[in-house]
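The values are calculated or read from the model by the stated rules, or taken from the named source; none is laboratory data. Owing to the predicted nature of the structure, the values given are computational and were not obtained by experimental measurement. Cβ placement follows ideal geometry from the backbone for every residue including glycine, while neighbour counts extend to all protein chains displayed. All accessible areas refer to the heavy atoms of the entire protein, side chains included, with ligands and DNA or RNA removed. Shrake-Rupley method; radii C 1.70, N 1.55, O 1.52, S 1.80 Å.
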Amino acid sequence: VILDYEDMKKIIDNKDANRDWHRMLESVAGVYLILDTITGMQYIGSANGKEGILGRWKQYARDGHGGNKLLK
């Protein structure tokens with residue numbers, strides 16, 4: 001899946017309109033790549049908590065960095 005930040009945020013913020021996304025993302029753990037399209041810098045992370053990828057995406061949607069020092 002390739003999404004820009006705004007599309008990811010829409011999926012997270014509009015749960016009712018994206019029930020399938022939420023259900024599927026919540027059911028899987030995984031590794032993801034965040035790419036800064038301006039600088040080319042990359043961050044690789046993983047999600048394996050109770051809410052799977054969805055839980056991690058919620059953190060990024062909330063503040064843009066998910067608490068990660070390198071992304072701030």
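Some values worked out for this structure:
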| quantity | calculated |
| --- | --- |
| Lysine pair number, Cα distance threshold 18 Å (strictly under), the chain, separation 8 or more or different chains | 8 |
| Percent accessible area from carbon and sulfur atoms, the chain, protein chains only, probe 1.4 Å | 53 percent |
| Isotropic mean projected area of the C-alpha convex hull, the chain (nm²) | 4.7 nm² |
| Solvent-accessible area per residue, Å², over the chain with all protein chains present [probe radius 1.4 Å] | 75 Å² |
| Spacing of the two label points (7 Å from each Cα toward its C-beta) at ASP36 and MET24, in nm | 3.0 nm |
| Cα-centred dipole magnitude for region 1-57, charges only on beta-carbon of K, R (+1) and D, E (-1), debye, nearest 20 | 220 debye |
